[in-house]
1. Could you tell me how many degrees, from 0 to 90 and to the nearest 10, lie between the Cα long axis of helix 143-152 and the main elongation axis, the longest principal axis, of the Cα atoms of the chain?
2. What is the Rg over Rh value, at two decimals, for region 98-176, using alpha-carbon atoms and the Kirkwood definition of Rh?
3. Placing +1 on the Cβ of each Lys and Arg and -1 on the Cβ of each Asp and Glu in the chain, which of SER43, LEU191, TYR180 has its Cα farthest towards the positive end of the resulting dipole?
4. Farthest toward the dipole's positive end in the chain, which of VAL131, MET153, GLY18, given Cβ charges of +1 (Lys, Arg) and -1 (Asp, Glu) about the Cα centre?
5. Given a 1.4 Å probe and every protein chain left where it sits, what share in percent of the accessible area of region 8-195 is carbon and sulfur?
6. Rounded, prolate or oblate for region 8-195? Axes are the square roots of the Cα gyration tensor eigenvalues, ordered a ≥ b ≥ c, and the cut-off for rounded is a/c under 1.5.
7. For region 8-195, with only Lys/Arg (+1) and Asp/Glu (-1) charged at the beta-carbon, what is the dipole magnitude about the Cα centre, in debye rounded to 20?
8. Could you tell me the distance between the Cα centroids of region 1-40 and region 96-144, to the nearest Å?
Amino acid sequence: MAGDGEKPLRRIAEAFEGLAEIASSKLTPMELAPLSQASSLVSVLFGCLGFAFKFAEMDYVAKVDDLLEASKSISTVQSMIDLDIQQNRVRQAGSHTRNLLRVKRGLDMVKVLFEQILATDGNSLKNPASVAYARVFAPHHGWAIRKAVAAGMYALPTKSQLLKKLNEDEASAKVQMQKYITASTLVIPYLEEEFQTRELGLDW
Ligand code: 1PW
């Protein structure tokens, strides 16, 4: 939750605009530190979604923390993945590469959530959040988690409650959400490409 005067949406949008520049330049590899820092800013959003999403937040935060820790000794996204390939542990539970794939899905879910919020009238987040979850995470989750998430959808804050927690009004939130959508539309495929070029697959 945001303290007085803090603008977490703005910080998220700006951080991802920085990453988007790197993603589109293609000249320099993406450093792990700014990616994991930007991803950690997104935790605030998961934290605003209410008690029902506490487990989702904890899982996301743990994975981002692992990437933040890795960034102290590994400089780029590319070298982190290559190290896991060399050590033969890409798909092992808790590997950096596996955590990156989960964090990437979190970023994707927020993108779809924002798109749905901007495209939906009314004050409920239930449909936007359900669509985002169904599209991004549900195909990778078993029955029990899907049921728990579906139950959590009834305990979401309203859109105006969410905006209040984020210190935004409707108009300013719209601008920042659109910035995140545009930037993450470059960053997410960039990350997916790093998996694809190494034939690691994305559906696991
Ligand atoms: C913003 C609208 C609200 C939607 C909430 C979305 C919740 C998405 C994440 C729920 C994850 C909670 C349960 C943990 C699942 C793990 O098994 C799974 N992690 C993820 C992020 O999919 C796989 O983690 P693992 O096995 O690699 O440690």
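The values are calculated or read from the model by the stated rules, or taken from the named source; none is laboratory data. Predicted model, so just to flag it, every value in this text is computed and none were measured. With ideal geometry, Cβ positions are generated from the backbone for all residues, glycine too; neighbour counts draw on all protein chains shown. Only protein heavy atoms, including side chains, enter the accessible area calculation; ligands, DNA and RNA are left aside. Shrake-Rupley method; radii C 1.70, N 1.55, O 1.52, S 1.80 Å.
1. Approximately 40 degrees, to the nearest 10.
2. Reported Rg/Rh, Kirkwood definition of Rh: 0.99.
3. Of SER43, LEU191, TYR180, it is SER43.
4. About the Cα centre, the residue reaching furthest to the positive side is MET153.
5. 56 percent
6. oblate
7. 600 debye
8. Using only Cα atoms, the two centres lie 19 Å from each other.
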